[in-house]
Structure formats: C-alpha cells, structure tokens
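Peer 1: The structure is given below, and queries will be raised subsequently.
The values are calculated or read from the model by the stated rules, or taken from the named source; none is laboratory data. Note that the structure is predicted; figures quoted are calculated from it, not measured. Because the Cβ atoms are built from the backbone with ideal geometry, glycine has one as well, and the counts that use them run over all protein chains shown.
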Amino acid sequence: MDLAGVKLAIEVPEEWAAGERGGAPDAASRWPRGSALDAEIHVGVRIATAESPLRDAFWYRGQNVTFEVGRCLGSPSRPGDWVVAVYGPRGCERVARFDDALRDIDLVVDPVAAASFRHPLEDPIDEILLIHQLAASGGALVRGAVSRGDTGGAVLTLEHHNPISDLPNEASGREQAVLRIGSRDDEVWLIPVSPDAASVRPEFHGRRLRLEEVRVLEAARQPFRERLDPDTAACELLAHVSAPVHFPEGAESAASTIRRIAAKVPVTLIAAPQSASIVYFPWGNRHAGSAFAPPA
C-alpha cells in the first residue's frame, strides 16, 4: 500500500486471503502485488484473539470505533512498544504493536471481526502509523481542502476557528493532506490523503503537489484579504494539524514542521461575508403581493 508517499508491505495470512469474505471479494486480491523490499513499513497480520496489553493509555473516539493508544513497559535501555487497540461492537477487534523504529508492525485481528474490514489497517490504525512516521521523518498531517493553484501546484484551504457553515464541498475542511518540506528553501510538498480514494479528486490522487499557498477562510461583515506573518500563520495552521496527544515528541515535531512551512509558504486570511438569509414569499398570500406595490 502507498499511504501518502509511505510504502507499506502487508503480509496477509492464509485465513484472510482464502476465498470470499462476507460476500465481497477478498481485500488482499485487490491490493497490488509487488516486492516488499522497497517498503518502509512491514506489517505482519495474524488472525487470533485480540487482547490489549495496555494498563494505562489515551482513549480516542472515532466515527464508528473507540480505540486506545499507549506504551508498554520498557527497560532502561529500550522504551516499550507502542500499542493501538481498536474496539467495536464485539469488544477488542484489532491490536497493532510497533516500536519507535516503525519498521515492523505486529497486527492481531480477531477472527469474528475480520470479515468486516476492507483491509487490516483500516481507520484508525493507518492514520496512527502515518502520524508516527511523519513525526520521525519531518512532516505533518492537516485537515483542509485541496484545490489547483494558479501555477499548477496546490492550494490548501482551511476554515478559521469560527467555521463558515455554508462553504462549498471542496472547501469543507473534511479532507486530509500530508505536508512535507522539500530540499529547496521555498519548497513544500502536499500529498492528499483519504481513507476512501473516491473522495479525492482524480487529478490529485496519489500525487505529490507543490504547495503554492494556504488560505484561511473567516466569516466577517466586510470582506478583506490579509497576508499573515509567519508566527500568526503557524498558529492558524496548528489548529488544523493532527497532533498525537499520546506522543508528545511527535506533537513537538509536527509543530516544528508547521513553523518552518509557515515561513516558506504564503498564508492568507480571507474574510467573506456570511451568506444572506433567504426570505420566502408565499405568493398565494395577498400580503406578499403588496410588498412590490408602488409607494402611495
């Protein structure tokens, strides 16, 4: 799999790969076959009873699942492994375990719940792995809308802390994108990310795009456009970054990356008036007709 430029190799057990699962084609048969030698992350999947070894963890609640992330006890010479335990209607359904090197992941999938997943890393495990990888390699995961820029690159659109409720779908802020700093001084790359490839525009899917500008939309009485200074721009961007609460070092890494990006890419605050309310006229009512009568 390619996860925003990070290559993952998944070893699927025979129990998962054999035949049909839940009336749908096997997920493994839809993945591209290739060598695992070039992958940055290797995932070994086991079908077994999933039990979390965590005693102290951070709990998160997603749209359809609840999951915990924490660290096992380590030793003075080696920190403990990270653990992501995902819970569903059947209790603990998946447990992923990995160390700071993030090279090899052990993933246990409960046999009763396995048929309900499109792939073993399905949300939220794929996002947790990506956030940890970005923290180690220098990158950040942000929520925003991606559109084409004037010079062929990408524009990232964000909503201010006071969201504009009637933004168009392409600027709804529900998409995700990875930001990485390039080798040149003014170079920042954007890679769209989505758990559902169909929700990413075809011209952007799987592509690395040069980030031209970041636009922050704000509701205001009067329209205006203002270029933000790097410090203010970094604060605006940080409000949209997926920072790992369970991993303070990773959050600090993401914040450092955002500060560097804000100094390289123009960030513009755009204020737009709120949409006027619609007044409905019941045309069958005689009082409505008098509204258009000439003055006496």
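Peer 1: With modelled with pLDDT of 95 or more and out of contact with any Leu (no Cβ under 7 Å at 6 or more places or on another chain) as the only criterion, which of Val95, Val12, Val65, Val83 stands out?
Peer 2: Residue meeting the stated conditions: Val95.
Peer 1: Determine whether Leu121 is modelled with pLDDT of 90 or more, out of contact with any Lys or Arg (no Cβ under 8 Å at 6 or more places or on another chain) and crowded, with 21+ Cβ neighbours inside 10 Å.
Peer 2: Considered against the rule, which asks whether it is modelled with pLDDT of 90 or more, out of contact with any Lys or Arg (no Cβ under 8 Å at 6 or more places or on another chain) and crowded, with 21+ Cβ neighbours inside 10 Å, Leu121 comes out as yes.
Peer 1: If I filter region 272-286 for residues that are at pLDDT below 90 and in a helix (DSSP H, G or I), do I get at least one hit?
Peer 2: Narrowing region 272-286 to residues at pLDDT below 90: 272-286.
Okay, now just the ones that are also in a helix (DSSP H, G or I), so 286.
So far as region 272-286 goes, yes, one or more of its residues are at pLDDT below 90 and in a helix (DSSP H, G or I).
Peer 1: Starting from region 64-82, take each residue that is among the aliphatic types (A, V, I, L, M) and list its partners that are part of a strand (DSSP E or B) and surrounded by 13 or more Cβ atoms within 10 Å (Cβ to Cβ), counting only C-beta distances under 6 angstrom and pairs at least six apart or across chains.
Peer 2: Val65/Val86; Val65/Gly88; Val69/Phe58; Val69/Val84
Peer 1: In addition: I'd like to know if region 75-85 contains one or more residues that are in contact with a helix residue (DSSP H, G or I) (Cβ under 8 Å, 6 or more places away or on another chain), surrounded by 13 or more Cβ atoms within 10 Å (Cβ to Cβ) and outside the structural domain of His246 (by TED's automatic domain parsing).
Peer 2: Taking every residue of region 75-85 in turn, at least one turns out to be in contact with a helix residue (DSSP H, G or I) (Cβ under 8 Å, 6 or more places away or on another chain), surrounded by 13 or more Cβ atoms within 10 Å (Cβ to Cβ) and outside the structural domain of His246 (by TED's automatic domain parsing).
Peer 1: So Leu158 fits all but one of (1) assigned by TED's automatic domain parsing to the domain that holds Arg71; (2) surrounded by 18 or more Cβ atoms within 10 Å (Cβ to Cβ); (3) in a strand (DSSP E or B); what number is the exception?
Peer 2: (1)
Peer 1: When region 100-132 is examined, which residues are found to be in a loop (DSSP other than H, G, I, E, B) and either of a type in the set (Phe, Trp, Tyr) or closer than 20 Å to Ile47 by Cα (or both)?
Peer 2: Asp110, Pro111, Val112, Ala113, Phe117, Arg118, His119, Pro120, Leu121, Glu122, Asp123, Pro124
Peer 1: How about region 233-268: which of its residues are more than 23 Å from Asp185 (Cα to Cα) and touching a strand residue (DSSP E or B) at 6+ places or on another chain (Cβ under 7 Å)?
Peer 2: If the condition is that a residue be more than 23 Å from Asp185 (Cα to Cα) and touching a strand residue (DSSP E or B) at 6+ places or on another chain (Cβ under 7 Å), then His240, Ser242, Val245, His246 are the ones that fit.
Peer 1: So which residues in region 50-63 are surrounded by 11 or more Cβ atoms within 10 Å (Cβ to Cβ) and either not assigned by TED's automatic domain parsing to the domain that holds Ile125 or not aromatic (Phe, Trp, Tyr) (or both), if there are any at all?
Peer 2: Matches in region 50-63: Ala50, Glu51, Ser52, Pro53, Leu54, Ala57, Gly62.
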